[in-house]
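**Student:** Dropping the structure in here first, questions after.
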Amino acid sequence: MAKIKKNSHKILYRKYSSNLKYVMMAVCVLIITLYLPKQPRFRYEFEKGKTWLNKDLVSPFSFAILKTPQQINLDKKTVLDNVLPIYEYQEEVFKDQGDAYLNEFDVKWKSNTLNDRDKEVNRQRSYQILQSIYTKGIIDINPKHQKGGGYYDFSLVRNNISTKSNSQDVFTTETALAYLKASFKASEPEIAKTVFDLAESHLKPNIKFNETLTATVQNNALNSISTTKGMVQKGELIVAKETVIDEEVYQKLVSFRENYDAQTKSVGDDKLVFFGQVLLVGFIVTLLMVFLYLFRKDIYADNRQLSLLLLVITSMLLVLTWSIKFNLSNLYLLPFCIVPIIIRILFDTRLALNLHLLVILIAGFFVPNSFEFVFYQTTAGMVAIYSIKNLVKREQLLISASFILSAYFVSFVGIALLREGSLSHIEWANFLPFVFSVLLSLLAYPLIYAFERVFGITSDVALIELTNTNNKLLRELAFKAPGTFQHSLQVANLAEAAIFKIGGDALLVRAGALYHDIGKMENPQYFIENQTGQSPHDKLPYEQSAQIIIRHVHKGIEITRRHKLPESIIDFIRTHHGNTRVDYFYQSFLKNSPEKFIDENIFRYPGPIPFSKETGVLMLADSVEAASRSLKNPDAQNINDLVERIIDYKLEQNQLDNCDLTLKDLETIKLIFKTMLMSIYHVRVDYPQTT
């Protein structure tokens with residue numbers, strides 16, 4: 001068997017990476033369509049109080065008209081009011097308490113030293129009264145059955161026979177004792193007291209509430225409630241064109257839709273429904289890919305970033321599907337705005353809006369009142385995107401959440417007024433799901449961090465952390481190579497000001513500038529900005545010196561990757577010298593060894609040349625700042641000539657061919673560099689004399 005080569009999986013990935021995106025597309029479409037509801041969708045949208053603009057709707061089958069939730073709740077209340085609480089007569093209570101009474105009577109009589117000749121008569125008489133009390137019954141009053149604290153009706157189950165009774169018809173422990181005192185006549189007060197004390201301790205309720213049986217009867221009564229009222233026969237007109245949908249017509253339409261959905265679940269062809277879903281979802285995902293190919297080729301070519309976008313789409317639609325499957329009380333509880341927030345922070349505005357619209361369009365096919373749903377989510381998503389230009393402060397997410405909530409509120413009030421025509425009829429409780437949805441959208445913050453780590457994407461939040469000069473790597477640079485650190489700060493200021501003016505990611509440029517020379521930490525003494533005395537290059541051949549200088553690029557890449565910095569920062573390290581020569585040592589070699597053969601590549605940086613506005617601006621800022629340090633007389637003319645010469649040289653060396661800098665951009669960059677360098681070197685501007 002042939003031995004598998006090491007890293008063969010990487011070779012295969014590079015070979016087939018261009019096809020992998022199509023596999024991911026297919027998997028995304030397949031997962032979404034597998035879980036979406038499979039019944040044909042009801043074709044009509046309608047609202048109470050609106051005009052029916054479709055053709056006359058005639059029922060294709062007979063169906064029952066469903067009651068409204070309010071009607072069903074009223075029926076339930078009526079049924080529950082008519083079900084009496086069930087109390088059970090317990091024979092064994094008197095048996096236990098009567099026997100105990102007789103047993104204790106002798107002891108009590110004797111302990112009170114009463115005359116024995118009166119004992120038996122009083123014993124039998126009091127026992128008979130006690131028996132009559134228990135026969136009538138002693139009820140265990142339940143306060144929740146007392147309306148206004150008075151008497152109440154109940155069903156009394158005795159010997160498996162239920163009869164209607166009232167709490168007034170039986171004893172309570174208090175009324176039973178009062179009856180005993182009124183019925184028992186004693187010859188001596190001591191005898192009466194003995195009987196009353198003993199009887200009081202043996203008066204226990206024998207009519208007790210049976211909660212289980214009552215609940216069973218109530219449930220049976222509730223289950224017997226009819227959920228329909230009337231019928232619509234096959235061929236009967238449900239609603240005519242241009243008819244206002246009143247309460248009655250609206251309920252017929254709701255009932256028709258419910259019966260239609262129930263019938264199509266069993267009648268509709270699942271395969272054709274699935275095929276239709278594949279067409280729609282596949283079309284939407286294809287539109288996304290076309291957008292990326294035309295406007296974001298960098299994402300289109302990067303399978304990791306593409307997989308993130310497809311994951312976001314799939315996850316959001318799966319959450320929607322599961323919510324429909326498990327009958328979530330309100331689909332507006334779902335945080336649809338989390339999608340544009342995440343995509344806006346990780347990528348850009350156009351992609352965030354495009355992706356959000358695609359997700360909402362798919363979701364609109366499977367939610368009730370789809371136009372209303374699409375309007376709510378589209379406007380809220382747009383506000384979410386506009387409110388987060390750059391996530392550079394933690395409170396921005398909260399500010400964005402407040403804007404999203406405001407957008408929902410405006411839409412909610414506007415739609416409610418269109419539907420009801422009155423502020424007093426607006427059901428404000430229906431706005432609560434939107435509040436919950438906005439709170440859930442705050443989950444975007446931890447998700448952004450997770451996506452950055454998993455997919456290698458750099459957000460503004462990460463860049464802010466990287467530009468903090470107190471972080472470990474920059475502190476180490478400032479300690480080991482203080483001159484390089486100061487140079488990096490000045491380059492960052494120049495590049496950031498320039499890119500901000502011409503348009504670009506200023507935060508990314510600043511971060512790239514701070515780390516572009518990080519490789520100089522390895523041998524800081526070989527770089528002029530860190531030298532305080534004799535240069536160590538004086539004792540080295542020119543070729544070796546050039547290689548030491550060039551090596552800071554490789555070392556920088558190695559250091560930043562070891563510290564797990566983003567590739568977007570490493571790009572600045574790789575490109576800030578392009579593939580230019582280390583001219584000082586190259587020219588010195590030519591001058592001092594004209595007879596020797598020279599390999600120019602020894603003196604040339606490995607590249608690549610800058611490939612974006614940001615990397616191009618950094619190359620220019622780095623070269624201009626470094627060269628400005630050699631000016632002996634940094635006046636306005638010298639600074640002007642220096643900036644012009646260096647930028648023209650980069651153009652001549654084709655170092656800016658792959659970046660998107662225009663000639664107008666270059667003129668703007670020159671002006672900013674000159675202005676800032678004059679300010680740094682305190683150059684006084686000569687103003688023309690006025691007469």
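**Student:** Find how many whole Å separate the alpha carbon centroid of the range 291-329 from the alpha carbon centroid of the range 500-573.
**Tutor:** Taking the Cα centre of each part, the range 500-573 and the range 291-329 sit 39 Å apart.
**Student:** So, in nm, how far is label K185 from label Y681 when the simple model puts each one 7 Å beyond its Cα toward the Cβ?
**Tutor:** Output for this residue pair reads 13.1 nm.
**Student:** Residue separation times 0.36 nm, minus the C-alpha to C-alpha distance between E476 and K208: what's the value?
**Tutor:** Extra length available between E476 and K208 comes to 88.3 nm.
**Student:** Suppose every K and R has +1 on its Cβ and every D and E has -1 on its Cβ; what is the size of the dipole of the range 456-609 about the Cα centre, in Debye to the nearest 20?
**Tutor:** So the dipole magnitude of the range 456-609 works out to roughly 240 debye.
**Student:** Still on this structure: If amide H atoms are built 1.01 Å from N in the plane of the peptide, which residues on other chains or at least 5 residues away come under 5 Å of the amide H of V239?
**Tutor:** Under 5 Å from the amide H of V239 lie the amide H atoms of L57, each far enough along the sequence or on another chain.
**Student:** Let me ask something additional. Counting other Cβ atoms within 10 Å, keep those with at most 12, restrict to DSSP loop, and tell me which trypsin sites (Lys or Arg not before Pro) in the range 146-250 are left.
**Tutor:** Of the trypsin sites (Lys or Arg not before Pro), the ones in loops of the range 146-250 whose Cβ has at most 12 other Cβ atoms within 10 Å are K147, K185, K234, K241.
**Student:** Here's another thing I want to ask about it. Sorted by accessible area with a 1.4 angstrom probe, largest first, how do M24, M382, M521 fall?
**Tutor:** The residues order as M382, M24, M521, largest area first.
**Student:** Oh, and also: Before rounding to the nearest 500, sum -39500 (n - 2.57) across all DSSP H runs of length at least 4 in the chain and divide by the residue total; then give [θ] at 222 nm in deg cm²/dmol.
**Tutor:** -20000 deg cm²/dmol
**Student:** Same structure again: So how far apart, in nm, are the two label points at V244 and V413 if each is 7 Å from Cα heading toward Cβ?
**Tutor:** In this crude spin-label approximation the distance works out to 2.6 nm.
**Student:** May I ask for the Rg/Rh ratio of the range 411-561, computed from Cα atoms with Rh as the Kirkwood radius, given to two decimals?
**Tutor:** Taking Rh as the inverse mean 1/r over Cα pairs, Rg/Rh reads 1.32.
**Student:** Oh, and also: Can you work out the accessible area per residue across the chain, with the rest of the protein chains kept in place, probe 1.4 Å, in square angstrom?
**Tutor:** 55 Å²
**Student:** So, R0 is 60 Å and r is the distance between the beta-carbons of D197 and K271; what FRET efficiency does that work out to, to 0.05?
**Tutor:** E between D197 and K271, to the nearest 0.05, is 0.10.
**Student:** Another question, then. If one computes P(r) from the Cα atoms of the range 551-691, what percent of pairs lie at distances over 18 Å?
**Tutor:** Value for the range 551-691: 63 percent of Cα pairs lie more than 18 Å apart.
**Student:** List, in order, the whole-Hz ³J(HN,Hα) value for each residue of the range 98-103 obtained from phi through the Karplus relation with A = 6.51, B = -1.76, C = 1.60 and θ = phi - 60°; use x for Gly and Pro.
**Tutor:** x, 4, 5, 4, 5, 5
**Student:** Which whole-number value in Å³ per residue fits the convex hull of the alpha carbons of the chain?
**Tutor:** Output value, Cα hull per residue: 405 Å³.
**Student:** Just to be sure I understand the model, the point goes 7 Å from the Cα along the line to the Cβ. What's the resulting E465 to Y35 distance in nm?
**Tutor:** Modelled inter-label distance: 2.9 nm.
**Student:** For the range 354-365, what does the Karplus curve 6.51 cos²θ - 1.76 cosθ + 1.60, with θ = phi - 60°, yield as ³J(HN,Hα) per residue in whole Hz, taken in order and with x for Gly and Pro?
**Tutor:** 4, 5, 4, 4, 5, 5, 5, 5, 5, 4, x, 6
**Student:** Further, regarding this structure: Between Y152 and residues 5 or more places away or on another chain, which pairs have amide H atoms under 5 Å apart, with H built 1.01 Å from N, and which residues are they?
**Tutor:** So Y152 has HN proximity to S167, Q168.
**Student:** Round to a whole number: what % of the accessible area of the chain belongs to carbon and sulfur, probe 1.4 Å?
**Tutor:** After summing per-atom areas, the C and S share lands at 56 percent.
**Student:** Give the residue list of GluC sites (Glu not before Pro) in the range 348-456 that are DSSP loop and have at most 14 other beta-carbon atoms within 10 angstrom.
**Tutor:** For GluC sites (Glu not before Pro) across the range 348-456 that sit outside H, G, I, E and B with at most 14 neighbouring Cβ atoms in 10 Å, the list reads E427.
**Student:** To continue, here is another question. Just the number, please: percent antiparallel of the DSSP beta bridges in the chain, rounded to the nearest 5.
**Tutor:** The antiparallel fraction comes to roughly 75 percent.
**Student:** Using only the Cα atoms, what convex hull volume per residue in Å³ does the range 69-113 have?
**Tutor:** With only Cα atoms used, the range 69-113 gives 103 Å³ per residue.
**Student:** What are the ³J(HN,Hα) values, in whole Hz, obtained from phi via the Karplus relation 6.51 cos²θ - 1.76 cosθ + 1.60 with θ = phi - 60°, for each residue of the range 527-532 in sequence order, with x given for Gly and Pro?
**Tutor:** Rounded to whole hertz, the list is 10, 4, 5, 9, 7, 10.
The values are calculated or read from the model by the stated rules, or taken from the named source; none is laboratory data. Please read all numbers here as calculations on a predicted model, not as lab measurements. So basically every Cβ, Gly included, is an ideal-geometry build from the backbone, and we count neighbours across all protein chains shown. Just the protein is used for accessible areas: all its heavy atoms, side chains included, with ligands, DNA and RNA removed. Shrake-Rupley method; radii C 1.70, N 1.55, O 1.52, S 1.80 Å.
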